[in-house]
Every structure is written in structure tokens, then in C-alpha cells.
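Written below as C-alpha cells is the structure these notes are about.
The values are calculated or read from the model by the stated rules, or taken from the named source; none is laboratory data. All of these numbers come straight from a predicted model, not from anything done at the bench. Note that each Cβ is placed from the backbone with ideal geometry, even for glycine, and that neighbours are counted across all protein chains shown. For the accessible areas, the whole protein counts, side chains as well, though only heavy atoms, and no ligand, DNA or RNA atoms are used. Shrake-Rupley method; radii C 1.70, N 1.55, O 1.52, S 1.80 Å.
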Amino acid sequence: NISTNNKMEDVAITAYGAHVPNWVGIHLCPTANANCENFHADRIYVACGQSGAGASDSGWGIYQHGGQPYSNEFHNITPINCSRGVYVHLADVLEINGGSPDGNYTDLYVDNGVGITYRKVRSEQSTAPIVITGGNVSVEDNAWGAYAALGTTVTVTNQSHVRMIGNQWEDGAGNPVTPISGVYGNGATLDSRDNRYDGSGNCPVLTNFA
């Protein structure tokens, strides 16, 4: 449980053994009712279990929860075998920059927030790599490959605002996935620039975005 003006570097947290639902490696601001800000993490490894994760059976690597989460930064974050590698319940400017998540059901799950940037991440063996149910999120300069399932890389629901810039998909020729899709009628918007969707083996589903 971590709050304001802290720094964490070169840390490994493991929960090897049987998967445990609701296990959390790092929990930011679980009970804060005011500022919970300027937390900087660099070179963090969190293992939620020993093998691939399901949607809800394997816990969360980093969970940013409540309070007033202003201007936090996660650099070089590697969650593995988690149901949600990084789970953002709330954010007011959050930078996630760098890392090599592997074997998570979802690498990044966002409920709500503004100024969230997810960039320079290389993901493998994820089932639903990014799920955005609300908020303003920029997904930039990432790469996905060695997919655990042939589903959708970025799933956007509700009234989210998403920017996809300079991302790349690999292995799609023989294992096609859907790069990004939204839910019709929910008012989500998409700004898409300089992405290599051809590597996914499928076209993005753009018709459902406002």
C-alpha cells in the first residue's frame, strides 16, 4: 500500500504457486481520501503465478485505486501471468512507459482517468492485451506478438477517448487478430495515426467509434 511522493526501483514481487484471485502485487492508494500523487516506479517485475492467467483468477500486478492520483509514473514495468497486469481504476495524469508483459490475460485495464499514456511496451502471450472501459487514454509506440488468443488487442467500451499512435502488430499473417474495436452507440472516439495494422492480419473495426 503506497501513497504520496514515493519512489520504487529494481523490485521483484512474486506469487509463485497456485493462482489467487484478487491477489495484488502493488496497491496504490487503497484508502486515500485526498492526494495520492508523484509515485515513481522503475524496473518493477511482478509475477502473479506460474502459468498463463484467466480473466479473474490470477490477481493484479499493479493496482492504482483511489484518492487523488495525480502525476504518477510507471517505467519498465513487467507483470507476468496476471489477470490484469496494470489495473487503473482512477488516474489524473499517469505515464506507463516501457516493459515486457508476458502471459497476462490483460496487460492494461482502465476504468477511468484523464491523461493516461501507455507507450513503448512489447507484449506477448496476452489474451485481451488492453481493455478500456472509460477515460482518456493514449496508446503509443507499442508492439504485440505471440498472441495467447486470436481476439482483439485493444477493446474500447463506454464513452472512452482513445489515441492509437505508431503501434505495430507481429505474427498476424498466420495468427490474425483484431487490432482495435469499440461498442456501437457508446460514443467512444478514436484518433488513429501511423499504426501498422497490416501486421495484425485483420483490419481495425472503426465503424463503432464516434
Inset, instruction - Return the carbon/sulfur percentage of the accessible area of the range 162-210, one whole number, probe 1.4 Å, all protein chains in place. - result: 48
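Can you tell me what percent of all Cα-Cα pairs in the range 14-90 are more than 18 Å apart?
Within the range 14-90, distances greater than 18 Å cover 38 percent of Cα pairs.
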Legend entry - At 0.890 mPa s and 25 °C, Stokes diffusion of the range 74-114 via Kirkwood alpha-carbon radius, µm² per second: 235
Inset, instruction - Provide the descending list of Cα extents for the chain along its principal axes, expressed in whole angstroms. - result: 41, 36, 25
Legend entry - Accessible surface, per residue, of the chain when the full set of protein chains is kept, probe 1.4 Å, Å²: 42
Inset, instruction - Please sort 182-193, 117-128, 84-95 by packing, taking for each peptide the average over its residues of neighbouring beta carbons within 10 angstrom, highest first. - result: 84-95, 117-128, 182-193
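Take the solvent-accessible surface of the protein heavy atoms, probe 1.4 Å, and return the percent of it on the range 94-136 that carbon and sulfur atoms account for. Let's see the in-between values first.
Values: 500 of 1250 Å².
About 40 percent, which is the carbon plus sulfur part of the accessible surface.
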Legend entry - For the chain, Cys with no neighbouring Cys Cβ under 4.7 Å: C203
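Would you please report the Å³ per residue occupied by the convex hull of the alpha carbon atoms in the range 1-42?
Working: hull volume 2.7 nm³, N = 42.
Per residue, the Cα convex hull of the range 1-42 comes to 65 Å³.
What relative contact order, as a whole-number percentage, does the chain give when Cα pairs under 8 Å and 6 or more residues apart are counted? Show your work: numbers first, answer last.
On the way: 732 pairs, mean separation 26.5, N = 210.
With pairs under 8 Å counted, the relative contact order is 13 percent.
Residues with beta-carbon under 9 Å from that of D141, excluding D141: net charge, scoring Lys, Arg +1 and Asp, Glu -1?
On the way: positive: R119, K120; negative: E140.
Around D141, the charge tally is +1.
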